[in-house]
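Below: the structure, in structure tokens.
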Amino acid sequence: MRHIEQIFINGEFVTPHGTERFDLYNPATAQVIGQVRLADELDAERAIAAAKAAFPAWANTTRQERIAALKRMHAAVVARHDELLEAIIEEYGAPSSRSAWMASYPADVIAQAIDALESFAFTLTAGAATVQMTPLGVAGLITPWNSDAGFICGKLAAALAAGCTAVIKPSEMSALQTQIITEALRDAGLPPGVFNIVTGRGDTVGETISRHPDVAKISFTGSTHTGKAILRNAAESFKRVTLELGGKSPTIMLDDVDLVQAVPLVIQAGFMNSGQACVAGTRILVPQSRKAEMEQALAQAVAAVRSGDPRDSATEVGPMVSAKQWQRVQGYIRKGTEEGASLLAGGEGRPEGTQDGWFVRPTLFADVNNQMAIAREEIFGPVLCVIPYRDEEEAIAIANDTDYGLSALVLGSDAGRAQRVAEQIQSGRVLVNTLAHEPKAPFGGFKHSGVGREMGTWGISAFMEPKSILS
Ligand code: NAD
């Protein structure tokens, strides 16, 4: 049993005023593996005060001083790689391919912020005006459980690069991972108060941060439901807001697609992060003309996906993060059947050979229309829908007929045609015949998938306000 008893405020680990204890689980066994003492509203206020006091000096640091601090953070996070990897498997249940990425991504994303900062234009010219990019002030960074260390490091690195100070509220369900990252960031030796980490509940610490008048900016990653609450709370004090929210991303298989190349990409896009990915390609759009052939290939591929023990190297889908998440996914599988969709693979219950843990059968539905709940709502588990379309025009219409717009994947042999289809998709990111990531490109969503952009120079600008000076 691990007991996490402290939060990080003003450069030191301190015992929170909050006294509530929250159980931490191993999702592969459903056993309690630790407990975290949660911060409360008073702790959040103390953290905000520390960040406010540290802001004037940090805002005045030079580009070189910020780069040096980020490099120390990078080295300190790299040094904790192995410990972080173990915590990701134990506390989150990510299978080996995913956990390896999740353990190295936090350092990578700091390196990417350094790269963007090196050439960032702090001063621009617009006609007769000089435009100075000015840091906003204290940033509240609120993160989810599905990539704890990555989101903490990515948001913090961008905020610090811009000259903001930060109060971070990670998910209470990721306290073991947060503890390792907090110790690493402490070791980087930044000035006290420049960053503060207060693990607590969303309705206490999260609410305090999103309402507090001394917080100038919120950068949030999480559900669309919480994003709306944050937007409302932030309005009172005109906080600048970046929201990275949910998705129901389409994967369009064009009628000239080569199934040998495409099917592995469809499966990977749908089941990445055990289906607990905001960008997961969960609506698979197939042409009527090749429907039977594609459904058969997809059904075979989904049936072959191994869901189970994250420590087994053959596992591709690990357990859901919590009992609540497991029940939610089971509920959607039931609902899909009730709505009249047919199961091509998977279904309710646990995969064969697993017990106790929050394991789900990788599931594929056919005979889905785009109005069904399983096609419209974010399930956040390994459940995919096949939706047929008549022609390209209808494929684009179905792809865009969603409240979301975070990511999309277009697959086809004629690259020019696939590109033309991609240009008509309303989404912050469209991948064509690839699952590659480009850290220099802006990341974020259209419509209910969010507000604003992260990554690259866009990510740094999001923590700044342009000031025009005319003389
Ligand atoms: P969540 O919205 O429940 O929680 C996210 C964070 O917000 C947690 O730290 C939580 O404690 C906090 N929170 C909850 N209520 C709050 C409130 N009223 N005020 C302030 N903070 C509050 O989301 P989750 O279940 O942790 O994560 C899953 C969701 O995150 C999914 O919907 C997924 O699509 C989304 N997500 C989006 C991206 C992206 O980049 N777009 C990436 C990963 C996850």
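What the table shows:
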| item | result |
| --- | --- |
| Counted residues, the stretch 414-449 - those being part of a strand (DSSP E or B) and either open to solvent by 60 Å² or more (accessible area, probe 1.4 Å) or touching a Phe, Trp or Tyr at 6+ places or on another chain (Cβ under 9 Å) (or both) | 2 |
| Whichever residue in the stretch 232-261 is aliphatic (A, V, I, L, M) and more than 28 Å from Ile398 (Cβ to Cβ) and, among such residues, is nearest to the chain's Cα centre (by Cα) | Val241 |
| Criterion violated by Ala113 - all others in (1) over 30 Å from Val305 (Cα atoms); (2) surrounded by fewer than 18 Cβ atoms within 10 Å (Cβ to Cβ) satisfied | (2) |
| Matching residues in the stretch 352-366 - criterion: being modelled with pLDDT of 95 or more and either of a type outside the set (A, V, I, L, M, F, W, C) or more than 26 Å from the chain's Cα centre (by Cα) (or both) | Gly357, Arg361, Pro362, Thr363, Ala366 |
| Selection count where residues are within 14 Å of the ligand (Cβ to nearest atom) and closer than 13 Å to Phe359 by Cβ, scope the stretch 328-338 | 1 |
| Members of the stretch 450-471 found to be open to solvent by 70 Å² or more (accessible area, probe 1.4 Å) and within 15 Å of the ligand (Cβ to nearest atom), listed by number | Trp458 |
| Criterion (on the phi > 0 side of the Ramachandran plot and open to solvent by less than 50 Å² (accessible area, probe 1.4 Å)) met by exactly one of Ala30, Ala50, Ala107, Ala121 | Ala30 |
| The listed residue being assigned by TED's automatic domain parsing to the domain that holds Arg63, small (Gly, Ala, Ser), open to solvent by less than 40 Å² (accessible area, probe 1.4 Å) and at pLDDT 95 or above, out of Ala126, Ala139 | Ala139 |
| Matching residues in the stretch 158-179 - criterion: being more than 14 Å from the ligand (Cβ to nearest atom) and over 25 Å from Ser237 (Cβ atoms) | Leu176, Gln179 |
| Lone qualifier among Gly275, Gly347 - being under 19 Å from the mean Cα position of the chain (by Cα) and either within 16 Å of the ligand (Cβ to nearest atom) or not acidic (Asp, Glu) (or both) | Gly275 |
| Output for the stretch 180-218, where each listed residue is away from the ligand (no atom under 11 Å from the Cβ) and either without any contact (Cβ under 8 Å) to a residue 24 or more places away in the chain or in a helix (DSSP H, G or I) (or both) | Ile180, Ile181, Thr182, Glu183, Ala184, Leu185, Arg186, Asp187 |
| Cβ pairs under 6 Å, 6+ apart, first in the stretch 446-459 and assigned by TED's automatic domain parsing to the domain that holds Gln112 and under 15 Å from Met133 (Cβ atoms), second open to solvent by 60 Å² or more (accessible area, probe 1.4 Å) and away from the ligand (no atom under 11 Å from the Cβ) | Gly456/Lys440 |
| Test: residue in the stretch 25-44 that is more than 27 Å from the chain's Cα centre (by Cα), modelled with pLDDT of 95 or more and over 30 Å from Arg361 (Cβ atoms) | yes |
| Matching helices (runs of 4 or more DSSP H) fully within the stretch 1-103 where at least 2 residues are in contact with a Gly (Cβ under 7 Å, 6 or more places away or on another chain) and not β-branched (Val, Ile, Thr) | 41-59 |
| Which listed residue is assigned by TED's automatic domain parsing to the domain that holds Val266 and within 14 Å of Thr282 (Cα to Cα), from Gly412, Gly405, Gly318, Gly347 | Gly405 |
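Residue-wise test of (1) closer than 17 Å to Met455 by Cβ; (2) under 17 Å from the mean Cα position of the chain (by Cα).
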site	(1), (2)
Ala103	no, yes
Ile114	yes, no
Leu117	yes, no
Ala121	yes, no
Thr130	no, no
Pro135	no, no
Val167	no, no
Ser171	no, yes
Gln177	no, yes
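Here is a yes/no grid of residues against (1) modelled with pLDDT of 95 or more; (2) closer than 30 Å to Met320 by Cα:
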{"position": "Met1", "(1), (2)": "no, yes"}
{"position": "Asn10", "(1), (2)": "yes, no"}
{"position": "Pro16", "(1), (2)": "yes, yes"}
{"position": "Ala47", "(1), (2)": "yes, no"}
{"position": "Arg66", "(1), (2)": "yes, no"}
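The values are calculated or read from the model by the stated rules, or taken from the named source; none is laboratory data. Treat the numbers as computed from the prediction; the structure is a model and nothing was measured. Backbone-built Cβ (ideal geometry, glycine too); neighbour counts: all protein chains shown. Note: accessible area is taken over every heavy atom of the protein model, side chains too, but ligands, DNA and RNA are not part of it. Shrake-Rupley method; radii C 1.70, N 1.55, O 1.52, S 1.80 Å.
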